[in-house]
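A short reminder: the numbers here are calculations on the coordinates, not readings from a lab. For clarity, every value in this text was computed on a predicted model and none was experimentally measured. Cβ coordinates were reconstructed from backbone atoms using ideal geometry, including for glycine residues, and neighbour counts include every protein chain displayed.
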Amino acid sequence: MRRILTTFAALTVGLSVLAASAPAQAGNDVFSVLREELARSFGGGGATPAGTSPIQREVVPYAGRETPGTIVINSPERRLYLVLGDGTAMRYGIGVGRPGFEWGGVKSISRKAEWPDWTPPPQMLKRRPDLPRHMAGGPTNPLGARAMYLGSSLYRIHGSNEPRTIGQAVSSGCIRMTNDDVTDLYERVKVGTKVVVIRG
């Protein structure tokens, strides 16, 4: 309770100054700031918290033929399954390749990296010459907190700082997860893990 009162008092003073310095915008803008700050401080609000998937990670029944430890990516469902054994799998929400960038097949994890650097491939730079030629790993990097590289392909299972894109077909073929979910998956699998991708 003391934390709530202290934060509310600080917000009240700050917003009073804001309103006095910009009276023309003191209406909805001020209260919008208040709502956003309270949501950040105490949770809640309509937006998806940073790093949190709009699709809940959960253990579900699994009746497929893949062996425990296998990753199954069901692109039409926008779901990734890690087969756990005894008829269950861990299911995650994912983002997949947008139209024209769908793919399927069997790969294996060839490398794992924490907070990986990103170097856009030539094909991507041709489409998007505005992109940086290289970006160091970190919270603003498009590959997010973890990456698992799939064979010798350009594709990866990687994190994202845009949780709202989970459940969507938005990527250039990579499998996108929230940072929370990709970190969880990263700790459960190893180099050599079989990855089955079902094309949409």
Going 7 Å from the Cα of residue 102 along its beta-carbon direction, which residues of the range 154-171 have the amide nitrogen within less than 19 Å of the resulting point? 155-156, 166-171
Excluding residues on the same chain fewer than 8 positions from residue 194, give the lysines whose Cα lies under 21 Å from its Cα. 107, 112
What is the set of long-range amide H partners of residue 62 at a cut-off below 5 Å, with H atoms built 1.01 Å from backbone N? 88, 89
Just want the ordering: 118, 103, from fewest to most Cβ atoms lying within 10 Å of their own Cβ. 103, 118
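For a quick check: sort 88, 119 by the number of other beta carbons within 10 angstrom, fewest at the front. Don't skip to the answer; put the middle values down first.
On the way: 88 15, 119 11.
Ordered from fewest to most neighbouring Cβ atoms within 10 Å, 88, 119 come out as 119, 88.
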Residues whose built amide H sits under 5 Å from the amide H of residue 137, excluding neighbours closer than 5 in sequence, are 117, 118
What is the extension gain from residue 67 to residue 131, computed as 0.36 nm multiplied by their sequence separation minus the C-alpha to C-alpha distance, in nm to one decimal? 19.1 nm
